[in-house]
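Beneath this line is the structure, given in structure tokens, with notes to follow.
The values are calculated or read from the model by the stated rules, or taken from the named source; none is laboratory data. The structure presented is a predicted model; accordingly, all values stated were derived computationally and were not measured. FYI the Cβ positions are ideal-geometry reconstructions off the backbone, even for glycines, and counts take in every protein chain you see.
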């Protein structure tokens, strides 16, 4: 028995995006996004509720700054303590998995969607998606683009404007187009930022937990 277009899409195989079921689900996402993006800032709780309806999973603490755009929403899974600045774009025709304590600068784009290189195949409406995975404690700077099939390892920092076309190992600082690892995060980095935190605590009389 032939699989549905949605089943093929989620299996990361060629599918027809104009399939009626997929078009219906995409329209539902657009309606939720429209409501979310039009809400005034004082309606925070309603914004959060709409995101819960839209996304496949969210943690207890999350915030996405409007406007926000995605294809389906239901294929995006977000962990605890997530923040995305304005104009985030998630093309989630394949699964997007985001870990805990992840931060996105403005205009970060996650693109799981891909199209065949052969124009004859592309022109009949066939396309595909490849999963994106972002580990815990990752920070993506403004205007970062993550391409289909990429995994970004835990604790990594991706510099603003980077286009990430290949996997980035954990504990990396990476920048550029195409994005490449500059160096690994190390003990000196940790010691410096821990000392900065202690200076802040000493001045402000406040305690910030890990």
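Entry remark, region 140-162: residues being part of a strand (DSSP E or B) and surrounded by fewer than 19 Cβ atoms within 10 Å (Cβ to Cβ) number 1 in total.
Check region 163-178 and report whether any residue there is touching a residue at least 24 places away in the same chain (Cβ under 8 Å), over 20 Å from residue 64 (Cβ atoms) and assigned to a strand (DSSP E or B). No, there is no match, as no residue in region 163-178 is touching a residue at least 24 places away in the same chain (Cβ under 8 Å), over 20 Å from residue 64 (Cβ atoms) and assigned to a strand (DSSP E or B).
In this structure, is residue 52 farther than 27 Å from residue 115 by Cβ, free of Cβ contacts under 8 Å to residues at least 12 places away in the same chain and under 16 Å from the mean Cα position of the chain (by Cα)? Spell out how you get there, then give the answer.
Values: farther than 27 Å from residue 115 by Cβ: yes; free of Cβ contacts under 8 Å to residues at least 12 places away in the same chain: yes; under 16 Å from the mean Cα position of the chain (by Cα): yes.
The answer is yes for residue 52.
Of everything in region 55-66, what is surrounded by fewer than 23 Cβ atoms within 10 Å (Cβ to Cβ) and either more than 16 Å from residue 144 (Cβ to Cβ) or within 12 Å of the chain's Cα centre (by Cα) (or both)? Give them in sequence order.
Within region 55-66, the first condition is being surrounded by fewer than 23 Cβ atoms within 10 Å (Cβ to Cβ), and the residues that meet it are 56-63, 65-66.
Listed by number, the residues that qualify are 56, 57, 58, 59, 60, 61, 62, 63, 66.
Could you please let me know if residue 22 is surrounded by 13 or more Cβ atoms within 10 Å (Cβ to Cβ), part of a helix (DSSP H, G or I), free of Cβ contacts under 8 Å to residues at least 60 places away in the same chain and in contact with a strand residue (DSSP E or B) (Cβ under 9 Å, 6 or more places away or on another chain)? Considered against the rule, which asks whether it is surrounded by 13 or more Cβ atoms within 10 Å (Cβ to Cβ), part of a helix (DSSP H, G or I), free of Cβ contacts under 8 Å to residues at least 60 places away in the same chain and in contact with a strand residue (DSSP E or B) (Cβ under 9 Å, 6 or more places away or on another chain), residue 22 comes out as yes.
Which of the following residues is touching a helix residue (DSSP H, G or I) at 6+ places or on another chain (Cβ under 6 Å) and over 24 Å from residue 159 (Cα atoms): 43, 34, 115? Please lay out each step first, then the result.
On the way: 43 fails: touching a helix residue (DSSP H, G or I) at 6+ places or on another chain (Cβ under 6 Å); 34 fails: touching a helix residue (DSSP H, G or I) at 6+ places or on another chain (Cβ under 6 Å).
When all the criteria are applied, what remains is 115.
The C-beta contact set for region 105-131 (first residue part of a strand (DSSP E or B), second residue modelled with pLDDT under 95, distance under 9 angstrom, 6+ apart or interchain) comprises 113/17; 126/17; 127/17. In the list 12, 47, 7, 60, which residue meets the criterion of being on the phi < 0 side of the Ramachandran plot and assigned to a loop (DSSP other than H, G, I, E, B)? None of the others qualify; the one that does is 60. Note on region 67-98: residues that are touching a helix residue (DSSP H, G or I) at 6+ places or on another chain (Cβ under 8 Å), crowded, with 16+ Cβ neighbours inside 10 Å and not in a strand (DSSP E or B) total 8. Scanning region 25-49 for residues that are touching a strand residue (DSSP E or B) at 6+ places or on another chain (Cβ under 9 Å), touching a residue at least 12 places away in the same chain (Cβ under 8 Å) and either surrounded by 15 or more Cβ atoms within 10 Å (Cβ to Cβ) or more than 18 Å from residue 91 (Cβ to Cβ) (or both) yields 29, 33, 36, 47, 48.
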